[in-house]
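Participant: Mind having a look at this structure? Questions to follow.
The numbers here are math on the coordinates, done by the rules we state, and not lab data. A quick note: this is a predicted structure, and the numbers were derived from the prediction, not measured. In this analysis, Cβ positions are derived from the backbone assuming ideal geometry, glycine residues included, and neighbour counts consider all displayed protein chains.
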Amino acid sequence: MEYSIATTYADEQQEGLCSLTLPASKWAVFEVQEPMPQGMQKLWKQIVTEWLPSNPYEHAWLPELEVYRGMHHPPQIWIPIK
């Protein structure tokens, strides 16, 4: 399992950092509604054990994303689907 911390950038890549370009994909986006970090853990469990098995979508085998946009936005989990 690999973990990364990432951000978008518009200028040149900074020295010592690497870049990853994800291909266009369809994403299922879930918002964490409960206090962190338990809310994130609970949502991951629900996605893996309930949502994915009960939907017609398949995992697109791209990285899953945890998106944190700041204090005024709930964290999100993005799952690539096909």
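Participant: Hey, can you grab everything whose amide H is under 5 Å from the amide H of Ala28? Only 5+ residues off in sequence or another chain; H modelled, so Pro and N-termini drop out.
Facilitator: Under 5 Å from the amide H of Ala28 lie the amide H atoms of Ile79, Ile81, each far enough along the sequence or on another chain.
Participant: Under a GNM of the chain (C-alpha, springs under 10 Å), which listed residue has the highest mean-square fluctuation: Pro63, Pro23, Pro53?
Facilitator: Between Pro63, Pro23, Pro53, it is Pro23 that shows the largest mean-square fluctuation.
Participant: Apply the a/c threshold of 1.5 to the C-alpha gyration tensor of the chain and tell me whether it is rounded, prolate or oblate. Can you show the working numbers first?
Facilitator: Details: a/c = 2.27, a/b = 1.38, b/c = 1.65.
Because a/c hits 1.5 or more and a/b fails to exceed b/c, the chain counts as oblate.
Participant: Going by how many other Cβ atoms sit within 10 Å of their own, how do Thr8, Thr49 line up, fewest first? Walk me through the numbers on the way to the answer.
Facilitator: On the way: Thr8 4, Thr49 10.
Least crowded to most crowded, the residues run Thr8, Thr49.
Participant: Distance in nm between label sites at Trp61 and Thr21, each 7 Å beyond Cα in the beta-carbon direction?
Facilitator: Simple spin-label model gives 2.2 nm for this pair.
Participant: Can I ask one more? Could you calculate the contour length gain from His73 to Thr8, that is, 0.36 nm times the residue separation minus the distance between their Cα atoms, to one decimal place in nm?
Facilitator: Numbers: separation 65, 0.36 × 65 = 23.40 nm, distance 1.73 nm.
Roughly 21.7 nm would be gained on extension.
Participant: Counting alpha carbon pairs within less than 8 Å and at least 6 residues apart, what relative contact order, in whole percent, applies to the chain? Display every interim value, and only then the final one.
Facilitator: Values: 78 pairs, mean separation 28.6, N = 82.
Normalised by residue count, the contact order of the chain is 35 percent.
Participant: Here's a follow-up. What residue among Glu66, Glu50, Glu15 has the largest mean-square fluctuation in a Gaussian network model of the chain, using Cα springs under 10 Å?
Facilitator: Looking only at Glu66, Glu50, Glu15, the biggest GNM fluctuation is shown by Glu15.
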